[in-house]
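Remarks on the structure that follows.
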Amino acid sequence: MGRLQKKRPAGKKKKKAQRQKKAGADQSQIAIAAKSSAQPAVVKKEEKKKKVVAKKVPAPAKTAAGAQDKNIFKKSIQFLREVKVELKKVTWPSRKQAIGSTVVVIVLVMLISLFLGVVDIGLSSLIRVVLQ
């Protein structure tokens, strides 16, 4: 029972597509300009030096039990954050819709149970007749 989204007029869609194409063209021109300049080569050398320095620093030793407890704690907090985000996306039914759906479910359960009860009584009486 989600809400229906309104369709955009064709003019807005075209304008948005044109803006995206223009932004893509601007990005490609920036990339071409960056490739032609000599500055990125210097940056790459500096980045390589930084990476080497970062690799030489040893990581602190952790005990298996302590690391696992912290890892589980972090994962559970991350899970709860994701649940909160997903619950914000839910479109909850109104009170009237919830009551209407509940009534429909209760009526269908009663009808199906009545049908199955009648079928059960009929089959059990048929089996009694056959066995006697």
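Derivation of every value follows stated rules applied to the coordinates shown; laboratory data play no part. The structure presented is a predicted model; accordingly, all values stated were derived computationally and were not measured. In this analysis, Cβ positions are derived from the backbone assuming ideal geometry, glycine residues included, and neighbour counts consider all displayed protein chains.
Couple of notes before you dig in:
- Theoretical FRET efficiency, 1/(1+(r/R0)^6), r = Cβ-Cβ of Lys70 and Thr91, R0 41 Å, to 0.05: 0.65
- Computed label-point distance, nm, for sites Val107 and Glu82 using a 7 Å Cα→Cβ extension: 4.0 nm
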